[in-house]
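Contents: one structure, followed by commentary.
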Amino acid sequence: MRISFLSVFSLIYTIISAHTLIADETEKNQALIDSITSRIKYLASDQLEGRGVTTEGINKAADYIASHFEQLGLKVDSYSGTAFQPFEISTEVELGPDENNFLRITGPDSGEGAYNADLVLDYEFNPLAIGATGKFDAEVVFAGYGIEAPDLGYDDWANLEVKNKVVIILRKEPQQNNPESKFDGVKSSRHATFQAKVSNAYQRGAAAVILVNDAAEPGKYLSGLKHALSQYSAQLKALTSTFEELDAPTAEEIAKHKKALRETANNISDTVSELGGDGDAILGFTEAGAGTSRKSMPVFFARRASIEPMIASAMGRSLADIESKIDESLKPIVGPLEGWKINGSADLIQNRAAVKNVIGVLEGSGKLKHETVVIGAHYDHLGYGGQGSLAPWTMEIHNGADDNSSGTTGMMEIATLLAKSKEKDRRRVVFIAFSAEERGLIGSSYYVNNPLFKLEDTVAMINLDMIGRLSENKLIVTGTGTSPSWEPFLDELDSNHDFVFTRQPEGTGPSDHQSFYLKGIPVINLFTGLHEFYHRPSDDPEIINYAGIAKIVEYGADIAKHIQTMPVRPRFSKAEKKRNVANTGGVRPYFGSIPDYADNADGLALTGVSLNGPAEKAGIKPKDIIVGIEKYKIGGIEDFDSALRKFKAGDKVKVVVLRGKKKLTLEVVLGAPR
């Protein structure tokens, strides 16, 4: 068969063109990977201090994102000429001036004059961050361990009136060393938690709570000190040994060695000093928890010796005797401490921080230009740890390379791709880097309540959160049931991308897409899954799959382009997480509400209710504030959780809510635990 010269030339040209296209595509892909790598290495660098909401590092991140938006030609002057949508959040709680924090005990005359004792701050007592600011001068009640567990045959609160009184509560729970104890054997049950005890008192209207160590705690504390002393001694020996091995130590090595010796010596000295005490150590301000949303009822921790005189006088026995008797009989010993009063005050300062969402607008064109697509990712993380960290004992920078430098970078790269869009009819795209997501989706919640463009014109929201750990090409796509348009569109799109997809229909979930879903906006969330580095200092750039992010960026851009240009806007549909109707082992009945962590109301503010859940069926609505469940007062999420655990599935409970200025009582039929 003869082959013409023209045919040969054509074949050669085709082959060369194909190779050129492949080379161009490879180069283009590598450029995207390089850009992603550079962005994540900056956003997750130590100089950005883990992008904690109170750090200067998060402001550097905001400037970096805004600068990228501006370079792309996006509109970045929507807020007083800037890209920054400002708002405030509550941050850490700190203790006010010493003179505003006191406990003064007065008692009956025992023959030598009335009893008066002013407790010493930071030695005999401390206010706790899980309480609130407040003053009181009230009678005193001893509430034993402060446990309400009628299902276990034990209830310290039965027939005990504590309203407007100071309540003394023991730490832990009865029969701690009994493997057969109803309270989960030798392990602490949920009844032993500080929050459970404090919630029980708050729900009954107590004026204040004073916690004290149980009888076993001082011994455990001293034992811990002895172990610490042996560790410090070994550390001192190791420091000496290592230094002696240096032939000619430098000035820097000598200085470093001296500093380490001083620190170890101080630790040894402090530990030896504490071992000389009785072990009845009081908790520090934040040791029972970092804070609470309650606006009333101070909480303190005091030494047993400071409380003993009241117990001995009013109850005729010591705390140790009472605990021993409760262990023996498993029957509460509680009651009013007749003749005793406590005058006290706690001053807690709730700090606030100015934070900001970063917003860039890509204007639309043609007949669709007045509609909006939002593409978002949160850019905040945990800073130096603390609240939210899964390594709370550290004070190291939590760089958050995957959570969520990866999603922020993905959003920025999608902006780069969409900025080149030339379609005649296309919707505007609002790119948002949200702040304070780690504090409870606060940034996205603020935006949907203060939108730049009308929410009724916002047709969809695409969210990227933790897209940096693609493994075996497994990509999780959430929100696929929030519009009937999503499934057929994704069926077609997914065939063009090399992923193993997991589709999850629900629109709720622990990221910023939920804020939009709860406003009736279809959502899609991209996610590569949790891992062992999550919320730990080890979430660093080294763990990231950069090529994987590049693939997800291209996929996300394809989704965005389709939504930006589809002729008819996607219709919203509710899609809640499908659950097994059988009891999955939970002990708290299902209520079906979503807390609003950005609201500072005295009560539990709601940002949403679950579709067909007990709350929705009862008529409870978003923005309602729950202030009571049956006889229990609700001051925040802790009290809400504690109160619900007192009921079971199928119970009809009266729930008091504030709706604007109105107080409503609604009946909720609680669902099976989930």
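Here, each number is a calculation from the coordinates, and none is a lab measurement. Remember, predicted model here, so these are calculated numbers, not experimental data. Please note: Cβ atoms are built from the backbone with ideal geometry, for glycine as well, and neighbour counts cover all protein chains shown.
Put simply, the amide H of Ala460, placed in the peptide plane, has neighbours under 5 Å in Val374, leaving out anything fewer than 5 places away on its chain. Given +1 at the Cβ of Lys and Arg, -1 at the Cβ of Asp and Glu and no other charges, the dipole of the chain around its Cα centre is 2800 debye to the nearest 20. Across the options Phe499, Pro488, Leu611, the greatest Cα extent toward the positive end of the charge dipole of region 456-614 (unit charges at beta carbon of Lys, Arg, Asp, Glu) belongs to Leu611. Between the entries (1) 124, 79, 52; (2) 148, 69, 55; (3) 80, 65, 49, the label attached to Cα extents along the principal axes in Å calculated for this structure is (1). Between the alpha-carbon centres of region 512-539 and region 82-99 there is a gap of 25 Å. Out of Ile359, His227, Val140, whose Cα points farthest toward the positive end of the dipole of the chain (charges: +1 Lys, Arg; -1 Asp, Glu; placed on Cβ)? Farthest towards the positive pole: Ile359. Principal axis analysis of the Cα atoms in region 49-167 yields extents of 83, 43, 25 Å, listed in decreasing size. Each of Gly628, Ser642, Leu664 was placed along the dipole of region 593-669 (beta-carbon charges, centred on the mean Cα), and the one lying farthest toward the positive end is Leu664. Remark: region 620-631, residue by residue, has Karplus-estimated 3J(HN,Hα) of 6, 10, x, 6, 5, 10, 7, 10, x, 10, 6, 8 Hz, where x stands for each Gly or Pro and the curve is 6.51 cos²θ - 1.76 cosθ + 1.60 at θ = phi - 60°.
Equivalent ellipsoid of region 422-468: semi-axes from √(5λ) of the C-alpha gyration tensor, largest first, are 23, 16, 8 Å.
Rounded, prolate or oblate: which fits region 219-275 when a ≥ b ≥ c are the square roots of the eigenvalues of the alpha-carbon gyration tensor, with rounded for a/c under 1.5 and prolate only if a/b beats b/c? It would help to have the intermediate numbers written out before the result.
Numbers: a/c = 5.15, a/b = 2.57, b/c = 2.01.
Judged from the Cα gyration tensor, region 219-275 comes out prolate (a/c at least 1.5, a/b above b/c).
Looking at the square roots a ≥ b ≥ c of the eigenvalues of the Cα gyration tensor of region 593-669, which shape do they give, rounded for a/c under 1.5, prolate if a/b is larger than b/c, or oblate? Walk me through the intermediate numbers first.
Values: a/c = 1.40, a/b = 1.19, b/c = 1.17.
Cα axes put region 593-669 in the rounded bin.
When both region 133-173 and region 347-398 are represented by their alpha-carbon centers, they are found 40 Å apart.
For the chain, what is the percent of antiparallel DSSP beta bridges, rounded to the nearest 5? Show your work: numbers first, answer last.
Numbers: 64 of 98 bridges.
Among the beta bridges of the chain, antiparallel pairing accounts for roughly 65 percent.
Grab the Cα-Cα distance for Ser110 and Lys420, subtract it from 0.36 nm times how many residues apart they are, and report the gain in nm with one decimal. Before the final figure, lay out the partial values.
Values: separation 310, 0.36 × 310 = 111.60 nm, distance 8.67 nm.
Separation in residues times 0.36 nm, less the Cα-Cα distance, equals 102.9 nm.
Give me the lysines in straight-line cross-link reach of Lys28: C-alpha distance below 17 Å, same-chain residues under 8 apart excluded. The qualifying lysines are Lys420, Lys551.
Ignoring aspartates and glutamates fewer than eight residues from Lys60 along the same chain, the ones with Cα atoms less than 13 angstrom from its Cα are Asp46, Glu49, Asp380. Amide H to amide H distances under 5 Å link Gly96 with Asp347, Leu348, Ile349, where only residues 5 or more positions off or on other chains count and H is placed in the peptide plane.
For a test of the definition: using alpha carbon positions, the gyration tensor, and the 1.5 limit on a/c, classify region 71-133 as rounded, prolate or oblate. Judged from the Cα gyration tensor, region 71-133 comes out prolate (a/c at least 1.5, a/b above b/c). What whole-number distance in Å separates the alpha-carbon centres of region 655-674 and region 549-575? Each part's Cα centre sits 37 Å from the other's. Two tests apply to each whole DSSP H helix in the chain, Cα reach of 20 Å or more along its axis and mean Kyte-Doolittle hydropathy of at least 0.0, and the ones passing both are 5-43, 546-565. Values of log10 I(q)/I(0) for region 189-295 across q = 0.13, 0.19, 0.22, 0.23 Å⁻¹ run -0.71, -1.01, -1.17, -1.22, by the Debye formula with one identical scatterer at each alpha carbon and no solvent.
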